[in-house]
Amino acid sequence: MKIFVGVTHRPWFNYLAQLGPEEVNFWQPSGSGEFRALAPGDLFLFKLKGRDGAIAGGGVFSHASLAPLSLAWEAFGTKNGNPSLLDMRETIAALRREREPLGPRENPVIGCRILTEPFFWSPQNWIAVPDSFLPQTVVGKGYATDTPEGWQLWEAVQSRLSAVPGAPEPVSGERYGLPTAMRRRLGQGAFRLAVTDAYERRCAVSGEKTLPILDAAHIRSYADGGQHELANGLLLRTDIHRLFDLGYVTVTERGAFAVSERLKADFDNGVHYYAMQGRAIAMPKPGFAPPSQEALRWHREYRYLG
């Protein structure tokens, strides 16, 4: 398993420690490069800036994205570590050392590292950074548990997590209990961003690319036992999402878009949707789970009006 120690400022940490969310967005003010240091299930730790200079918590890495501020706020809200969108905009400008605040129409791209099951320790449990972590490090540094330094860091983290009921748990490998990943449970925000990126920000049915009207739709609704999992998601245009939830449209066993006769019968309309009848839905890009056949079957049997 890999571990990344990311540098953050104390206000972000303090605010989220009080909030106690089930997921957080560890964001960077610049969206200039993709984050590839970790795989889903690896461990991301928070190293505070300045005189505190210690590892104060962390979370299970879920997904990384370069996303416009509007999407990051829509998906995570205060779980970005800011009490309001205005505050987040001001923080971005300050971290970028801009001379003026962001304009009300500016929508900058930021780097998002989505973490689930975050944990925030009190000062007496903070961990000193490894010797190889240089004071001038700005973004962070990666470690691996199959190295002496990485293993020592993992043991320090594990000793603290094991004392907290409900803390994230490791999945052990075959060799000496070496952790291979952390068990993770996606939250709503992580689900939203992962589905959006998996479908390359295009509606799986219509191909629509206008981000504000694209929804991460649950195939099996959360209220009916569906989970915030990529395989239980489709990226759909808002109107198609609404019809999907109401049962007027579905996806066939062969992956084709299907429109119920009830749409015409109930509303004497639906020409636009019938024109897409039989169209193959788009699949996620490589590396992302395709729609679950079990979830789609549930939708056809229990939601679709036929």
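The values are calculated or read from the model by the stated rules, or taken from the named source; none is laboratory data. No experiment lies behind these values; they were computed from the predicted model shown. Neighbour counts are summed over all protein chains in view; Cβ atoms, including those assigned to glycine, are modelled from backbone coordinates with ideal geometry.
State yes or no: is TRP12 touching a Cys at 6+ places or on another chain (Cβ under 8 Å), on the phi < 0 side of the Ramachandran plot and modelled with pLDDT of 95 or more?
Spelling it out, it is not the case that TRP12 is touching a Cys at 6+ places or on another chain (Cβ under 8 Å), on the phi < 0 side of the Ramachandran plot and modelled with pLDDT of 95 or more.
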### Query
Of the residues GLN227, GLN277, which is in contact with a strand residue (DSSP E or B) (Cβ under 9 Å, 6 or more places away or on another chain), of a type in the set (S, T, N, Q), free of Cβ contacts under 8 Å to residues at least 24 places away in the same chain and on the phi < 0 side of the Ramachandran plot?
GLN277
#### Entry: Of the criteria (1) at pLDDT 90 or above; (2) in contact with a strand residue (DSSP E or B) (Cβ under 9 Å, 6 or more places away or on another chain); (3) not aliphatic (A, V, I, L, M), which one SER84 fails
(2)
### Residue in the range 123-132 that is buried (at least 21 other Cβ atoms within 10 Å of the Cβ) and touching a helix residue (DSSP H, G or I) at 6+ places or on another chain (Cβ under 6 Å) present
no
### Query
What is the residue count in the range 38-52 for residues that are at pLDDT below 95 and more than 20 Å from GLY187 (Cα to Cα)?
4
### Message
Please pick out the residue among GLU208, GLU117 that is farther than 18 Å from PHE44 by Cα and crowded, with 16+ Cβ neighbours inside 10 Å.
### Response
GLU208
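With LYS209, LYS285 as the choices, which residue is under 27 Å from LEU186 (Cα atoms), at pLDDT 95 or above, touching a Phe, Trp or Tyr at 6+ places or on another chain (Cβ under 8 Å) and charged (D, E, K, R)? Before the answer, list the steps.
Working: LYS209 fails: touching a Phe, Trp or Tyr at 6+ places or on another chain (Cβ under 8 Å).
Every option except LYS285 fails the conditions.
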